[in-house]
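K.L.:
Here you go, one structure.
The values are calculated or read from the model by the stated rules, or taken from the named source; none is laboratory data. Just so it is clear, the structure is predicted and the values come from calculations on it, not from any experiment. Reconstructed Cβ throughout: ideal geometry from the backbone, glycine too, with neighbour counts over all protein chains shown. These area figures cover heavy atoms from the full protein model, side chains too; ligands, DNA and RNA do not enter into them. Shrake-Rupley method; radii C 1.70, N 1.55, O 1.52, S 1.80 Å.
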Amino acid sequence: MKPVLLALMFLSDEHCAQLSQSFDLIYAPDTAQATAAIAMHGPRITAVLTIGSTGLSAAQIDALPQLSLICALGAGYENIAVAHAKARGIVVANGAGTNDDCVADHAWGLLIAAVRGIPKLDQLTRGGVWRTALPLPPNVSHKRLGIIGLGTIGKKIAQRALGFEVEVGYHNRSARADVPYRYFADVTALAEWTDFLVVATPGGAGTQHLVNAAVLNALGPRGVVVNIARGSVIDTQALAQALKDGRVAGAGLDVYESEPAPPAELLDLDSVVLTPHVAGWSPEAVQASVDRFVENARRHFAGEVPVSPV
C-alpha cells in the first residue's frame, strides 16, 4: 500500500506523476480543494506536502487522524502548526537547502535591477530616450550590504557580494561565529549603516513588520530594500510612503503582504521592481525540492530520520 499524500500547493503534471509513483496522491492546490479533500479523504491521509505560506493548521491536523508526516516543499514553514504536530507525534520536515542558490541569485537580480533602475531604463529606451537625458544610476559595487537573516540563503547572498567587493553586515537573533561579517543586534542600526538592505529572514509573527517606518528612515534616501523572504516582514504601507516621500530610493520585492495579488500601493512607483514570488523557482530548484520531499518521506516511512527535519 502506498502512503496517502495530500499535496496543498501547485505542482506540474510531471511532478504529480513523479509523486504518484510512490504515493496515492490527492492533489488539492487551493483552499476549496483542500477543504473538500480533507473532508473526503481525511481518515486515509498519512502525509501532507505544503509550503510555508499555505501551511497546515492545527484544525486541519486534527482532521487527519492517520497523519504522521508534514513536509514543506521549500525552506519556510511559518504557517505549519509545528508545535501542535509534534505534540501529536507527527514528524515535520522541510526542503532546506534545495533552492538556496536560486533565491540568492534572484536577490541579486532584484538588487541590481532596483539600484540601476533597469526596468525603467528598458521602458525609456524603447521610447527613444537616450542616456544624456537621464540621471546617472549609482554603482552597486563598493557599497555596504545589510542582510536581515543570515541563514543558509542569507549566507549565499553574502557570498555573492564578494564578487561586487561589497562590505557585508547582518542582523540575526544572535551573532554567528562562522562568518567574518559585521553583526548588528538591532535592525535599525543595520539599516543606518548599510546602503542596501536585503530581507532573508523567516516569516511569521516574530518578524511581522520588522522592516517598518523607523528602519526605512534609517536606510535613508539613497537606500534600496530587497525582500526575497516573506511579504509580512516589510510594512507595505510604510514602504510605499517612504518611496513616495523620497526617504528611500527603491525596492525590489519578490514577496509582499497582498500576494498573490500585487501590492496596490506600489504599482504606480517606478522605483519598485516586482516579481511574483519566484525567487526559489527554477527547473533545477523545484526538482531538487520535490526530490528532497520524496527522500524525506522515504526515510520517514522506513522508520528513519528525514534529511531535513524541522
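K.L.:
Only one of these is within 29 Å of Pro262 (Cβ to Cβ), surrounded by fewer than 21 Cβ atoms within 10 Å (Cβ to Cβ), modelled with pLDDT of 95 or more and of a type in the set (A, V, I, L, M): Ala238, Ala205. Name it.
P.N.:
Exactly one residue qualifies, and that residue is Ala238.
K.L.:
If I filter segment 149-164 for residues that are open to solvent by 80 Å² or more (accessible area, probe 1.4 Å), free of Cβ contacts under 8 Å to residues at least 12 places away in the same chain and under 23 Å from Val187 (Cα atoms), do I get at least one hit?
P.N.:
Of all residues in segment 149-164, those open to solvent by 80 Å² or more (accessible area, probe 1.4 Å) come to 152, 159, 162.
Those still in the list that are free of Cβ contacts under 8 Å to residues at least 12 places away in the same chain too: 162.
This time we only want the ones that are under 23 Å from Val187 (Cα atoms), so: 162.
Yes: one or more hits.
K.L.:
Still on this structure, I have one more. Just name the residue that is most open to solvent (accessible area, probe 1.4 Å) out of those in segment 256-275 that are of a type in the set (Gly, Ala, Ser) and in contact (Cβ under 8 Å) with a residue 12 or more places away in the chain.
P.N.:
If we take residues in segment 256-275 being of a type in the set (Gly, Ala, Ser) and in contact (Cβ under 8 Å) with a residue 12 or more places away in the chain, then Ser258 is most open to solvent (accessible area, probe 1.4 Å).
K.L.:
Going by the conditions given, is Ser289 within 25 Å of Ser53 (Cα to Cα), under 19 Å from the mean Cα position of the chain (by Cα) and crowded, with 18+ Cβ neighbours inside 10 Å?
P.N.:
The answer is yes for Ser289.
K.L.:
For segment 37-122, please list each of the helices (runs of 4 or more DSSP H) lying entirely inside it that holds at least 2 residues being of a type in the set (D, E, K, R) and open to solvent by 50 Å² or more (accessible area, probe 1.4 Å).
P.N.:
100-116
K.L.:
Could we say that Ser232 is over 29 Å from Ser141 (Cβ atoms), open to solvent by 20 Å² or more (accessible area, probe 1.4 Å) and of a type in the set (Gly, Ala, Ser) here?
P.N.:
Working: over 29 Å from Ser141 (Cβ atoms): yes; open to solvent by 20 Å² or more (accessible area, probe 1.4 Å): yes; of a type in the set (Gly, Ala, Ser): yes.
It is true that Ser232 is over 29 Å from Ser141 (Cβ atoms), open to solvent by 20 Å² or more (accessible area, probe 1.4 Å) and of a type in the set (Gly, Ala, Ser).
K.L.:
Take Arg230 and decide whether it is in contact (Cβ under 8 Å) with a residue 12 or more places away in the chain, closer than 20 Å to His106 by Cβ and basic (Lys, Arg).
P.N.:
Considered against the rule, which asks whether it is in contact (Cβ under 8 Å) with a residue 12 or more places away in the chain, closer than 20 Å to His106 by Cβ and basic (Lys, Arg), Arg230 comes out as yes.
K.L.:
Next question. Those residues that are among the β-branched types (Val, Ile, Thr), closer than 13 Å to Ala218 by Cβ and open to solvent by less than 10 Å² (accessible area, probe 1.4 Å), I need them from segment 188-201; list them, please.
P.N.:
Of everything in segment 188-201, just one residue is among the β-branched types (Val, Ile, Thr), closer than 13 Å to Ala218 by Cβ and open to solvent by less than 10 Å² (accessible area, probe 1.4 Å), namely Thr194.
K.L.:
Quickly run through segment 152-173 and pick out the residues that are of a type outside the set (S, T, N, Q), more than 12 Å from Val198 (Cβ to Cβ) and in a loop (DSSP other than H, G, I, E, B).
P.N.:
Residues satisfying the conditions are Glu165, Arg173.
K.L.:
Something else: Count, please, the residues in segment 242-270 that happen to be touching a strand residue (DSSP E or B) at 6+ places or on another chain (Cβ under 6 Å) and within 21 Å of Thr188 (Cβ to Cβ). Show your work before the answer.
P.N.:
Within segment 242-270, the subset touching a strand residue (DSSP E or B) at 6+ places or on another chain (Cβ under 6 Å) is 249-253, 255, 266.
Within this subset, residues satisfying the condition of being within 21 Å of Thr188 (Cβ to Cβ) are 249-253.
Looking only at that region, the number is 5.
K.L.:
Any idea which residue in segment 1-29 is farthest from Gly280 (Cα to Cα), counting only those that are in a loop (DSSP other than H, G, I, E, B), open to solvent by 20 Å² or more (accessible area, probe 1.4 Å) and not aromatic (Phe, Trp, Tyr)?
P.N.:
Going through the qualifying residues, I end up with Met1.
K.L.:
If you don't mind, there's one more thing I want to ask. Listed residues Val278, Val305; which is surrounded by fewer than 21 Cβ atoms within 10 Å (Cβ to Cβ), touching a residue at least 60 places away in the same chain (Cβ under 8 Å) and hydrophobic (A, V, I, L, M, F, W, C)? Quick ask: steps written out before the conclusion?
P.N.:
Working: Val305 fails: touching a residue at least 60 places away in the same chain (Cβ under 8 Å).
Of the residues listed, the single one that is surrounded by fewer than 21 Cβ atoms within 10 Å (Cβ to Cβ), touching a residue at least 60 places away in the same chain (Cβ under 8 Å) and hydrophobic (A, V, I, L, M, F, W, C) is Val278.
K.L.:
Among the residues of segment 260-285, which ones are over 21 Å from Val115 (Cβ atoms), assigned to a loop (DSSP other than H, G, I, E, B) and more than 12 Å from the chain's Cα centre (by Cα)?
P.N.:
If the condition is that a residue be over 21 Å from Val115 (Cβ atoms), assigned to a loop (DSSP other than H, G, I, E, B) and more than 12 Å from the chain's Cα centre (by Cα), then Pro260, Ala261, Pro262, Ser282 are the ones that fit.
K.L.:
In segment 217-229, which residue that is among the small types (Gly, Ala, Ser) and part of a loop (DSSP other than H, G, I, E, B) is surrounded by the most Cβ atoms within 10 Å (Cβ to Cβ)?
P.N.:
Ala229
K.L.:
Hey, among Asp254, Asp270, Asp245, which residue is within 24 Å of Lys143 (Cα to Cα) and in contact with a His (Cβ under 7 Å, 6 or more places away or on another chain)?
P.N.:
Asp254
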